[in-house]
Amino acid sequence: MSPKAAPTPENKAAVDKVSFYSAWCKRCGNCVAFCPRQALAKDEWGYPVLANPDRCTTCGLCEMLCPRAWPRSP
Ligand code: SF4
Ligand code: SF4
């Protein structure tokens, strides 16, 4: 699991619901490329991280586009 950003009252829902399990991640980049809010970024190994949790609306698109059904989102 990638480290999570420290939650604030405003972004707690996003930090709680968008997380990545690196053992399943293929590093395809779909989630990062297609997040409509640019909330995600790749870390130095190519794994996605919720880099801008304040931007995440918990829309679930990243999960829908993930070939491994990850990240977890509503
Ligand atoms: S839930 Fe939506 S806004 Fe949040 S990281 Fe995924 S695609 Fe982006
Ligand atoms: S879409 Fe899924 S497999 Fe691809 S980089 Fe994101 S979490 Fe990993």
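The values are calculated or read from the model by the stated rules, or taken from the named source; none is laboratory data. In this text, all values refer to a predicted model and were calculated from it rather than measured experimentally. Glycine also receives a Cβ, built like all others from the backbone with ideal geometry; neighbour counts cover every protein chain displayed.
For this structure, a couple of remarks:
- Any hit, region 57-66, residues being within 8 Å of ligand 2 (Cβ to nearest atom), in a loop (DSSP other than H, G, I, E, B) and surrounded by 13 or more Cβ atoms within 10 Å (Cβ to Cβ): yes
- Pick from region 25-50, criterion of a type in the set (A, V, I, L, M, F, W, C), surrounded by 16 or more Cβ atoms within 10 Å (Cβ to Cβ) and more than 8 Å from ligand 1 (Cβ to nearest atom), ranking: nearest to the chain's Cα centre (by Cα): 49
- Within region 11-33, the residues that satisfy the criterion of being more than 13 Å from residue 52 (Cα to Cα) and not in a helix (DSSP H, G or I) are 20, 21, 22, 23, 24, 25, 26, 27, 28, 29.
- Set 4, 12, 17: member being touching a Gly at 6+ places or on another chain (Cβ under 9 Å) and at pLDDT below 95: 17
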